[in-house]
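The values are calculated or read from the model by the stated rules, or taken from the named source; none is laboratory data. Everything quoted here is computed from the prediction, not taken from an experiment. As a convention, Cβ positions derive from the backbone with ideal geometry for all residues, glycine included, and neighbour counts pool all protein chains shown.
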Amino acid sequence: MDKNQLKAMLASYGRSFLAAAVAVWQTGEITDPKGILAAGLAAVLPVAARALNPKDPAFGIIKAALPEVEKQLASVIEKSKKKK
């Protein structure tokens, strides 16, 4: 993942969290930080789900990392076979 993708991803998390936190705060729950944080977390979860979706063209982190993970896994498997 390059620097621009990371910035875009973090901005998306931040916008989602901020929108939910402000919505809860606007309901008058300004004295309930636990509720505000819970709402923010609930808003961030769908964004995290996008990051875990390998078919997502915007934030498919796993998709981008998959070739390297497969390469490393093959290397570990090969080394373990040689030890036997």
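General observations
- Cβ-Cβ under 7 Å pairs, at least 6 apart or on other chains, the stretch 1-15 side over 20 Å from L37 (Cβ atoms), far side assigned to a helix (DSSP H, G or I) and of a type outside the set (V, I, T): M1/A64; M9/A51
- Filter result for K3 (charged (D, E, K, R), at pLDDT 80 or above and out of contact with any Pro (no Cβ under 7 Å at 6 or more places or on another chain)): yes
- The single condition among (1) modelled with pLDDT under 80; (2) in a helix (DSSP H, G or I); (3) surrounded by 12 or more Cβ atoms within 10 Å (Cβ to Cβ) that S12 does not meet is (1).
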